[in-house]
Amino acid sequence: MTPYIAAQRLAKTFGRKRVLDDVSFRVEPGDVVGILGKNGAGKTTLLELILGFTPPSSGSVQIFSHESFRMPGSARRRIGSVPQQDELLNPLSALDQLRVIASFYENWDSELIDNLSRQWEIDLSERVKNLSVGQRQKLSILLALGHRPDVLILDEPVASLDPIARRQFMEQIVSIAADGARSVIFSSHIVSDVERLANKIWILKDGRLSWQGELDVLKESIVRVHVRSAAPLAPDFTLPNALSINREECHATAVLFDWKPHILKDVESQLGAPVEIESLGLEDIFLELHR
Amino acid sequence: MAACRACRTRRATPRRSIHSSTTTYHRKTPSIAHSYWPLYHVHYFTNSLDSQNTVMFILSPHSGVPIYRQLLEQIRRMVASGQLPPGTELPSIRDLGVKHAINPMTISKAYAMLEAEGVLERRRGKPMTVANRTRVRSLPAKRLQQLEPHLDQLLLAARQLELSESEVVRALRQRWEKSNDTIHRRTAAR
């Protein structure tokens, strides 16, 4: 299967500042990718490179087999995007704003948009400039969904939404993903949403992808272990593949990566002490990877 | 006279379940089948499990255990115990995904693994169904294996509470006998 998006050793510098470095990835049809990273980790820059808003400093990124920065209109029409700062037209009514965008597309799904604007309680008669931040965000999402894009790119789409609106948004993303032929890439600081929606996770740290892969694999490969020994542990006691370790006389807690169940027996026989395994949620994993 | 959906007891005065407006069941609290609904509430559905019944699984996305694994283990347990009899149709991937707001690929991964194991089967144009009992009825050792994570949890809690082995074993045996009584009473009442 040809991937929808592929990047090889992508890098971007602004002046002397290197914002992205050596980023490579693939996005296949049906993938929902969640991007996690601290503020300033390079999430927005990465999304803008994929969208072709700016050329890479080195490396390349293709979308639908076209160089992103030079993609033809036919490729662009298959993409929907929600920018971090909305680009709505303040003087228009919400309905007119929808009509303007709809007029760009032949395949605009007005039935879907009508249903969603009712379900999401967007007052279409209101002027855009009078809408609340949350309402503006909902409208921006609608604008990105109407032409049923094959690739949906969202930069913190739910930051201003209440829990109910977030849930409605998530249901919509799930139903897009259930088609199997469409992909979603989104960045978010709400780790619990990423945990529900994404099958793949990219963790950006200082402009590099410090971890990328399937969420299930991530959860199964990073664990916290608790060691209780009868005798005091050596001050330099450590465990294989430890991301971090805390020692207190007879007790040690460590977070290990590349965890495999068979390691448990090795460690236990080596120590002669029982070892307890604790699996970690995505939020804990994210924090551990940023220590 | 209505039958209790949880234990099939017939009673002259049925009560409404708190879990479903259409379900009748016969007492307010006691009995494991009634009070511990996460494990047993599938009783309510066994006769009419259709693609709309997406609430029978308890999925917590924020647990360290991947969602596909949670689903896999719950279905495996329910099938092994006969709570999901052969031929039962499972909810569609889309319905389950939208209902729980979780990635559909996670669900299809669990379904596919269970299909490979022979627990579920897929027929063209039909929902996933529980495969024939003869093929899925697993050996006690295999079923015991599924209990292991729960035993580990019990062990961990017992250690933290500084309980001795004999105390834990005694408590477990008492619980076991108590639940036996409930099951006997239930069978007698049928």
Looking at the stretch A:268-291, which of its residues are more than 14 Å from chain B (Cβ to nearest Cβ) and surrounded by 16 or more Cβ atoms within 10 Å (Cβ to Cβ)? A:Leu271, A:Leu289
Step by step: first the residues of the stretch A:158-199, then only those that are more than 14 Å from chain B (Cβ to nearest Cβ) and out of contact with any helix residue (DSSP H, G or I) (no Cβ under 6 Å at 6 or more places or on another chain), then the one that is farthest from B:Leu59 (Cα to Cα). Which residue is that? A:Ala159
When you scan the stretch B:68-183 for helices (runs of 4 or more DSSP H) that lie fully inside it, which ones turn up with 2 or more residues that are of a type in the set (S, T, N, Q)? B:104-117, B:140-160
It is to be established whether one or more residues within the stretch A:9-28 are away from chain B (no Cβ under 14 Å), part of a loop (DSSP other than H, G, I, E, B) and under 24 Å from A:Leu218 (Cβ atoms). no
Those residues of the stretch A:255-271 which are closer than 18 Å to A:Glu214 by Cα and not in a loop (DSSP other than H, G, I, E, B) amount to A:Leu256
Does the stretch A:240-267 hold any residues that are surrounded by 17 or more Cβ atoms within 10 Å (Cβ to Cβ) and over 26 Å from B:Leu154 (Cα atoms), and which are they? none
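Conditions (1) free of Cβ contacts under 8 Å to residues at least 60 places away in the same chain; (2) among the charged types (D, E, K, R); (3) within 21 Å of B:Ile102 (Cα to Cα), marked per residue:
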{"residue": "A:Phe186", "(1), (2), (3)": "no, no, yes"}
{"residue": "A:Ile190", "(1), (2), (3)": "yes, no, yes"}
{"residue": "A:Asn199", "(1), (2), (3)": "no, no, yes"}
{"residue": "A:Gly213", "(1), (2), (3)": "yes, no, yes"}
{"residue": "A:Lys260", "(1), (2), (3)": "yes, yes, no"}
{"residue": "A:Asp266", "(1), (2), (3)": "yes, yes, no"}
{"residue": "A:His290", "(1), (2), (3)": "no, no, no"}
Do we have A:Val225 as open to solvent by less than 30 Å² (accessible area, probe 1.4 Å), part of a strand (DSSP E or B) and either free of Cβ contacts under 8 Å to residues at least 60 places away in the same chain or within 11 Å of another protein chain (Cβ to nearest Cβ) (or both) here? yes
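The values are calculated or read from the model by the stated rules, or taken from the named source; none is laboratory data. Note that this is a predicted model, so its numbers are computed, not measured. A quick note on method: Cβ atoms are made from the backbone with ideal geometry, for glycine too, and the neighbour counts reach across all protein chains shown. With ligands, DNA and RNA removed, areas are computed over all heavy atoms of the protein, side chains included. Shrake-Rupley method; radii C 1.70, N 1.55, O 1.52, S 1.80 Å.
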